[in-house]
1. Which percent of Cα pairs goes in each bin when the distances of region 273-333 are cut into 10 angstrom slices starting at zero?
2. Label points 7 Å out from Cα along the Cβ direction at SER15 and ASN458: separation in nm?
3. Once amide H atoms are built 1.01 Å from N in the peptide plane, which residues 5 or more positions from LYS242, or in another chain, come under 5 Å H to H?
4. Show the residues, 5+ positions off or on another chain, whose built amide H is closer than 5 Å to the amide H of LYS343.
5. Any idea how far the Cα center of region 349-371 sits from the one of region 253-321, in Å?
6. So if each residue of separation counts as 0.36 nm, and I subtract the Cα-Cα distance between ARG33 and GLN325, what length gain in nm does that give?
7. Let me cross-check THR478: its accessible surface, 1.4 Å probe, with only protein heavy atoms counted, in Å² to the nearest 10?
8. Compare HIS114, HIS310 by solvent-accessible area with a 1.4 Å probe and give them largest first, with all protein chains kept in place.
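The values are calculated or read from the model by the stated rules, or taken from the named source; none is laboratory data. Computed from a predicted model, the values in this text were never measured in an experiment. Neighbour counts run over all protein chains shown; Cβ positions are idealised from the backbone, glycine included. Ligands, DNA and RNA are excluded from the accessible area calculation, which covers all protein heavy atoms including side chains. Shrake-Rupley method; radii C 1.70, N 1.55, O 1.52, S 1.80 Å.
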Amino acid sequence: MSISIQLEDLEFIESELHFDDKISLLFLLYGHRNPKYLLQILTVAIRAPDAATQFLPEWATRATKSEPNGTRWPSELLEALAIVQANLCLLKCGFDDEELRGQFLPHVPELAVHVHPVLKGLFLLCEKMDRATSARLVDYLQQNHAPTVMKSEFLEMVLLDLIEQDLVKLGSKEDSQMCDLQVLIAAFKGLELERLKDFCKSIENSFNKDLQSTENQSDNAKSTPVAEAKSPVAENSDQLEKYVITWKNAGLILIVNQFQFFRDSDPDLAELLPPQQLKNRRGTEVDKMAILNLFTSLGYEPVVVENIPHLEILNQVEQAVERVQQCHCSLVVCLLSHGQEGKVYGSNSIPVSVKTIERKMAARKLTGKPKLLFVQACQGSGLQTAVDVPPRLEHDGPSSETTASVYVDFLVAWSTVPGFASIRHIEKGSWFIQELCAKIRQLYERDHLMDILTAVINDVSAKRGYENECMVPIIYTTLRKKLYFEALKTNKDGTT
């Protein structure tokens, strides 16, 4: 995104915000930094909500001084503005609000890029509660858990008070401090508000899960320092240029196969729905079986999930990462769905950014292991011949955002370049997946993966549809070595 926020823009941005939005925005920006100070300035500001304020310039000045290079605050502010849905303000500043939604996924509680993830979750919790429910919560807290907690029509201020009193602990990944929302969880349980209780639990669990995973890895690293120090360089220098995926410990393959779609009825997600109903993806069963047969023959443990909503896609990727063991060589994820540029659809017709899926796969525990992501989905609605898709060929989705950022030891293969549709035969499966499986099976014993994928691109791009349609797959990679699948050892009688 070429446009950026400057210090001189902050006064205009603040003037465009309603007072309610200012409180929400400052809650996201200040809540983990200085909740006591924020409570003080907001308590004064509430007395004259229509008065001009200078909160954002002051916050940016403080943030600049506290950061090593002072350049992070514009991104944090942009994300916070996207989360509070200050769309009109963003548009007036020249930003594409839809692009920012795709970048920051403001509706997904578990994901945050620059804003503290627990603060984002707590803001979304506030959005789920009406004034009557908020008042019930405050009364219950005062009677049972926090007698000194303030009363306010703004629930964010109540939460700031709880944070300041250390009754709610946001946690810090930098300092290895766990999040603790038990006061809120107990209150919602006492009020029999199960949905809100579970939402709080999910915020806490999501934050602490990542922290526990990091601690476990640190403990493992500390327990074997001598072994690591004595680890010899491979005798054969050629080994430094190869990942070898052994049949015995190949790893895990997650296949997300979406063939039936409905339109999510949650009003908070309505703006993310595509303009038209997504069609069922005939022919995807053929792709699923081709992938399943190939990768199980290469030694992978398969996990197949079908017709799952957008958040469950992220959950399944997280679970797949957790199931990868130290002995495993790699993780493979295959996404078969409708899509738009840089995104794939859940069965509820809500898109998920592939960049977010990559971020889930790029977990610290998988450092050094190849992570392969194959995506069979459209990246747009365009056809290179500018004609309708013929009756027996379909394409996988609508259009428009940005695509993957990759990490070390990562490979992302899309069935088509950004902006164009991905062709799928309704009986024979998709061009890309069928060619991918055929080429790996044909060439894996002698060629490394990138050479195989080059052959896939060559053959797919040479295909033509009934009306001369064509498509070109695209590969993004940060693999540092050549990747080989180990050939199956066969006995003299032909058995494996």
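1. Taking all Cα pairs of region 273-333, the binned fractions are 16, 41, 32, 9, 1 percent.
2. Each label point is offset 7 Å from its Cα along the Cβ direction, giving 6.3 nm.
3. Residues meeting the criterion, in which the H sits 1.01 Å from N, are LYS482.
4. VAL354
5. First find each Cα centre; the distance between them is then 15 Å.
6. Gain on extension, ARG33 to GLN325, equals 101.4 nm.
7. 40
8. Ranked from most to least accessible, the order is HIS114, HIS310.
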